[in-house]
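One structure is given here, and the rest of the page talks about it.
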Amino acid sequence: MTGAAARRQAELTSLLEPVVADSGFDLEGLHVSQAGRRSLVRVVVDSDNGVSLDDIAVLSKSISAQLDEGDDGFGSSPYTLEVTSPGVDRPLTTPRHWRRARGRLVRFERDGKPVQGRVLDTTEKQVRLDVDGEVAMHDIESVSPAKVQVEFSKSEPKE
């Protein structure tokens, strides 16, 4: 990303973060790219309660209004806005990511080997995982990034 593109992305993040936060969500990512003559503005949002399609619709209107309100380069030129939630393949890197994965099966690396465990509980610095029946607290930094594993028949977490 060029210096100008990075500055533009930082400006848009500052512009849109309050709009997203006022709606009760976290701005997880913002990416701007060119798609022909249009810009594609992809905004990724999440919350502890998840994100519904109705939430996406309301956020899209609020974000679009904010982009159109000022002469920020988007109001006067064509753009496509895409508001979405993070996919299951988003790496768990922050305490809020781990908190939102409570009860889920995750995979991470320990000593260069893949490890799978279930997220039982979290704090701001640690996560309690059940790895093959062994329950232990781990520093979030030591098991990040991890990825949620797709389960077709999820078992209930042990407490």
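Within the range 9-20, not a single residue is among the β-branched types (V, I, T), part of a loop (DSSP other than H, G, I, E, B) and under 18 Å from the mean Cα position of the chain (by Cα).
Filtered by the rule that a residue be farther than 23 Å from P95 by Cβ and under 17 Å from the mean Cα position of the chain (by Cα), the range 32-58 gives V32, V41, R42, S52, L53, I56.
If a residue must be among the hydrophobic types (A, V, I, L, M, F, W, C), in contact with a helix residue (DSSP H, G or I) (Cβ under 8 Å, 6 or more places away or on another chain) and modelled with pLDDT of 90 or more, how many such residues does the range 61-105 contain? Step through it out loud before you land on a result.
Taking the range 61-105 first, the residues among the hydrophobic types (A, V, I, L, M, F, W, C) are 63, 65, 67, 74, 81, 83, 88, 92, 98, 101, 105.
Within this subset, residues satisfying the condition of being in contact with a helix residue (DSSP H, G or I) (Cβ under 8 Å, 6 or more places away or on another chain) are 63, 67, 74, 81, 83, 92, 98.
Right, trim to modelled with pLDDT of 90 or more and you get 63, 81, 83, 92, 98.
Going through the range 61-105 one residue at a time, the tally reaches 5.
The rows are residues; the columns are (1) over 30 Å from K125 (Cβ atoms); (2) among the aliphatic types (A, V, I, L, M); (3) surrounded by 13 or more Cβ atoms within 10 Å (Cβ to Cβ).
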position: Q34; (1), (2), (3): yes, no, no
position: R42; (1), (2), (3): yes, no, yes
position: D48; (1), (2), (3): no, no, no
position: S64; (1), (2), (3): yes, no, yes
position: L81; (1), (2), (3): yes, yes, yes
position: V106; (1), (2), (3): no, yes, yes
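Considered as a group, the residues in the range 135-155 that are of a type in the set (A, V, I, L, M, F, W, C) and closer than 13 Å to Q116 by Cβ include one that is surrounded by the most Cβ atoms within 10 Å (Cβ to Cβ), and that residue is A146. Only residues that are part of a loop (DSSP other than H, G, I, E, B) and either within 16 Å of the chain's Cα centre (by Cα) or among the small types (G, A, S) (or both) were counted in the range 105-133, giving 2.
The values are calculated or read from the model by the stated rules, or taken from the named source; none is laboratory data. Since the structure is predicted, the reported quantities are computational estimates derived from the model, not experimental observations. Here Cβ is always computed from backbone atoms with ideal geometry, including for glycine, and neighbour counts include all displayed protein chains.
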